[in-house]
Amino acid sequence: MIAPDSSPRSLEIAPVLQQKLFYRGRKFNFDVSRRQLPNGVVGDWELIQHPGGALVVPITNEGQLVLVRQYRFALAARLLEFPAGTVEVGENPAATIRRELEEEAGYRGHTWQTIGQFPLAPGYSDEIIYAYLATDLEKLPNPPAQDEDEDIEVVLMTFDQFETAIAKGEMVDAKSIASYFWMRHLL
């Protein structure tokens, strides 16, 4: 069983003086808070409240990375990324990513290792990404159905091919780049 990194974060809570929820969505909430920062400054700050995400760097028995090329409407483009998904309410990130690897890529990992956790966009969101490494992969003969809104192509790449894609400026999302290079130190 894998668990999220439980290393303590150094928290300095900025007291909320006033808060207004602007939007409650299925994946995140958006609010504006009047806060007093630790340095004494008072101001209004926007925040996207997100339950967190889980990501896996899957490596086949042949040493290839399993990635997905997924359409992302916000950028009107297809991005190369590792399988990932939003942590559902009451769900452990390890359970999230096991499910997502099967749904998005059609693989089941039999050996798991925690890579770590990191904030995705701390300037405006509290989202934390829980990153894992999966090896000893099994290609599923009948993978679960993808979510209705997912437009995904599974892509296998060598480490060199992935690094070349990044170096050439191919559209690769930041959480995948960060997790890949962090994972390299574990091998």
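A short reminder: the numbers here are calculations on the coordinates, not readings from a lab. All of these numbers come straight from a predicted model, not from anything done at the bench. In this analysis, Cβ positions are derived from the backbone assuming ideal geometry, glycine residues included, and neighbour counts consider all displayed protein chains.
When the Gaussian network model of the chain links Cα atoms closer than 10 Å, the mean-square fluctuations of Pro83, Pro144, Pro58 top out at Pro144. Bridging of Lys27 to aspartates and glutamates at a Cα separation below 17 Å is possible for Glu46, Glu88, Glu91, Glu100, Asp126, Glu127, Asp147, Glu148, Asp149, Glu150, once same-chain residues fewer than 8 apart are set aside. Over the chain, dividing the summed -39,500 (n - 2.57) contributions of all DSSP H runs of at least 4 residues by the number of residues returns a 222 nm mean residue ellipticity of -4500 deg cm²/dmol. Averaged over residues, the count of other Cβ atoms within 10 Å places the peptides 33-42, 48-57, 151-160 in the sequence 48-57, 151-160, 33-42, highest first.
Take the Cα radius of gyration of the chain and divide it by 2.2 N^0.38 Å, with N its residue count; two decimals is plenty. It is 1.12. Normalised by 2.2 N^0.38 Å, where N counts its residues, the alpha-carbon radius of gyration of segment 81-186 equals 1.09.
Put the Cα centre of segment 129-169 next to the Cα centre of segment 87-125 and the gap is 13 Å. In the chain, the DSSP beta bridges split such that about 85 percent are antiparallel, to the nearest 5. Per residue, the Cα convex hull of segment 51-133 amounts to 105 Å³.
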